[in-house]
Amino acid sequence: MLAAAVVGACAVAGAGELALLATGLTAAGTAVLAAGLWRGRPIVVPWVLLALGGAAAASFAEGGDPARTPLFAAGLLAVGELSYWSLETRLGRPAVGGIAARRLALLSGLVAGSIALGAVLVSVARVDAGGGLVLESAGVAAAVALAAAVLALSRRAA
Amino acid sequence: MTRTTSPKLTAYAGLAAFGLLAAVALGRPELAVLAAPFALVTALGLALAREPSFRSWSTFDAERTVEGGRVALELELRSEVAVPHADVAVALPEGARVVDGPNPALVRVGAGQSLELAWRIECDHWGAYDLGEAVVRSRDALGLFVYEQRVGRPQPLKVYPSAERLRSVLRPLATQPSAGNQVARNRGEGIEFADLRPFVHGDRLRRVNWRATARSGELWVNELHPERNTDVVLFLDTFVEARRDDAGTLDLQVRAAATLAERYLAHRDRVGLVVFGGILNWLTPATGIIQRYRIVDALLDAEIMLSYAWKDIDVVPRRTLPPQALVVALSPLLDDRALAALTDLRRRGFDVAVIEISPVPFAPHSDDGADPLVERLWLLRRAARRTAFHSLGVPAVEWREHEALQSAIEEVATFRRAAHLARR
């Protein structure tokens, strides 16, 4: 909840004229997350991430600093991980120590990794590689292929 | 083992795909950056996912206990693959609950390591339980898959009905030839004084009553009551029962039977059992601790099995009902077949006592919406059934839930004393 509020607040702060939209998305996302955590419904988490991602996108639309994007991405990942952590562990009581510490360490690693990945992507996006139909088509194909690969992998694994 | 995808996998894969496509469609690389961590976690999770394989051993500290007793369950888990997060929940049948220990327990198991878990389980209701199995729900490192596996080996745990404390039990009208704790009505070698009689040739000198001899001037000897054992047959009517939620007449029957069996066996009497219902079950009378366990084990198997077949007492093996045995019937007096069998036993000369396990507390009352006239007629009919037994010289007393069994036994004893006086 706190992580979601922080991500939302940062998005609102950088949204400029779209602050109202970002505020609405943040408020709705936080409220839905609160309700979902209260009722134990994991289905709300992707919608909350979508809403917070929308708020973050609103801040970029106003020409925000692209260097902040990896921080937003890492924040969204932290919100998702913490939400699922909260939902998964509400029944069991720890019988051995160190479970929370290990998970916290894993979460920190993921957040750091996503910041690093985001930074790489931002720097790649800044490189002017020209334009044209061929490059545009290659980008679309790569995005579709990546999305399809992830979906196919997850379906096969299931 | 079953494997399912967690909601996280679907959500992250969907968000990654949506973000990447939106980035291309809108020409905003920031959206791709936002989606990248979710794609990264999904890809890493899929690459690193390993199916855990648990080996397990479960042990109990007891094979049997009594109602409300606690047993310790220990489970040892071993996994060849590291499991960072798993919930271990003991599979509990109805009537059993964990009173000590986390359930479910949140654990982690290192690769090639073992983990020991312990719980204390309380069984609230008598019966035979299968315990020792647990369900392990584990997740891979990034929580994208959920693996569910049953571990442990179910082992039988017998929970015996708790016995009430009784000050006294019913004395049979006749005793058996073997030595026991009951004072016989006939005379012979014993401790209890019975009468005086003149000395005859062959009497032992130690039996001479010197006071009476000094007063009368001729030898008088004491006559004594010998201590003998008795044969008691516990007769359970299991044709039908009245039940409400977690309590019923069968529970009371089993508790009363266990109590009486324990008490009679402690007095070195021979105790037998006849479970007369849809399923016929019997134990020939015997004595000793083994017989006690046999009886209680047989009681655990007692259940109500609906049957429309007419059964009379002839289906019970003859050796189960020895002559001069006291038959203590525990019946809700709801089924005519059991009533006919008890009447038949009485007419064959058996010493029969009926403890009616009252179904009235388990039946709907007029306060609950039942027709008061129907309830009254039903109660009158039950009273008539008891009166029919009384007319045969059979004590039939009502015993209700939460009443002491001793009070019912005293009532039967009072009836038998009154009937004895009436015969005089």
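Nothing in this text is a laboratory measurement; each read-out follows from the coordinates by a stated rule. Everything quoted here is computed from the prediction, not taken from an experiment. Because the Cβ atoms are built from the backbone with ideal geometry, glycine has one as well, and the counts that use them run over all protein chains shown.
Structure values in brief
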{"read-out": "Spin-label pair residue B:168/residue A:120, simplified geometry with 7 Å Cα→Cβ offset, distance in nm", "value": "9.3"}
{"read-out": "Three-way shape label, region A:25-114, alpha-carbon gyration tensor, a/c 1.5", "value": "oblate"}
{"read-out": "GNM top mover of B:84, B:29, B:323 - chain B, alpha-carbon springs below 10 Å", "value": "B:29"}
{"read-out": "Spin-label pair residue A:142/residue B:387, simplified geometry with 7 Å Cα→Cβ offset, distance in nm", "value": "10.0"}
{"read-out": "Tail weight of P(r) past 40 Å, computed on alpha-carbon pairs of the protein assembly as shown, percent", "value": "55"}
{"read-out": "Taking region B:340-424 and dividing mean pair separation by its residue count, relative contact order in percent (alpha carbons under 8 Å, at least six apart)", "value": "35"}
{"read-out": "In Å, descending, principal axis extents of the Cα set of region B:1-150", "value": "73, 31, 21"}
{"read-out": "DSSP H segments from chain B that extend 24 Å or more along their own axis, Cα-based, with Kyte-Doolittle mean of 1.0 or above", "value": "B:7-26, B:29-48"}
{"read-out": "For the protein assembly as shown, share of DSSP beta bridges that run antiparallel, in % to the nearest 5", "value": "70"}
{"read-out": "Cα Rg, Dmax, region B:151-261, angstrom units", "value": "24.3, 87"}
{"read-out": "Percent antiparallel among DSSP beta bridges (both partners in chain B, rounded to 5)", "value": "70"}
{"read-out": "Chain B: most fluctuating residue of B:371, B:124, B:336 per GNM, C-alpha cutoff 10 Å", "value": "B:371"}
{"read-out": "Test item: B:25-31 mean partner chain Cβ contacts at 10 Å", "value": "6"}
{"read-out": "Ratio Rg/Rh [Cα only; Rh per Kirkwood] for region B:105-219", "value": "1.51"}
{"read-out": "Gain in span if fully extended, residue B:63 to residue B:378, counting 0.36 nm per residue against the direct Cα distance", "value": "109.0 nm"}
{"read-out": "Rounded D (µm²/s) - region B:1-59, Kirkwood Rh over Cα pairs, Stokes-Einstein at 10 °C, 1.306 mPa s", "value": "119"}
{"read-out": "Over chain B: helical MRE at 222 nm, DSSP H runs n ≥ 4 each giving -39500 (n - 2.57), nearest 500", "value": "-10000 deg cm²/dmol"}
{"read-out": "Spatial separation of Cα centroids for region B:129-198 and region B:54-95, in angstrom", "value": "25"}
{"read-out": "GNM top mover of B:278, B:132, B:110 - chain B, alpha-carbon springs below 10 Å", "value": "B:110"}
{"read-out": "Inverse mean reciprocal Cα-Cα distance (Kirkwood Rh) of region B:331-424, Å", "value": "14.4"}
{"read-out": "Rounded D (µm²/s) - region A:63-121, Kirkwood Rh over Cα pairs, Stokes-Einstein at 20 °C, 1.002 mPa s", "value": "167"}
{"read-out": "Average beta carbon contacts from partner chains per residue of B:83-94, 10 Å cutoff", "value": "2"}
{"read-out": "Normalised contact order of chain B, rounded percent, pairs of Cα under 8 Å and 6 or more residues apart", "value": "12"}
{"read-out": "Modelled FRET efficiency - R0 35 Å, residue B:279 with residue B:186, Cβ distances, 0.05 increments", "value": "0.35"}
{"read-out": "Hydrodynamic radius of chain B per Kirkwood, over alpha carbon pairs, in Å", "value": "27.1"}
{"read-out": "Whole-angstrom Cα spans of region B:237-278 along principal axes, big to small", "value": "37, 21, 8"}
{"read-out": "Share of pairwise Cα separations in region B:310-384, more than 22 Å, in percent", "value": "36"}
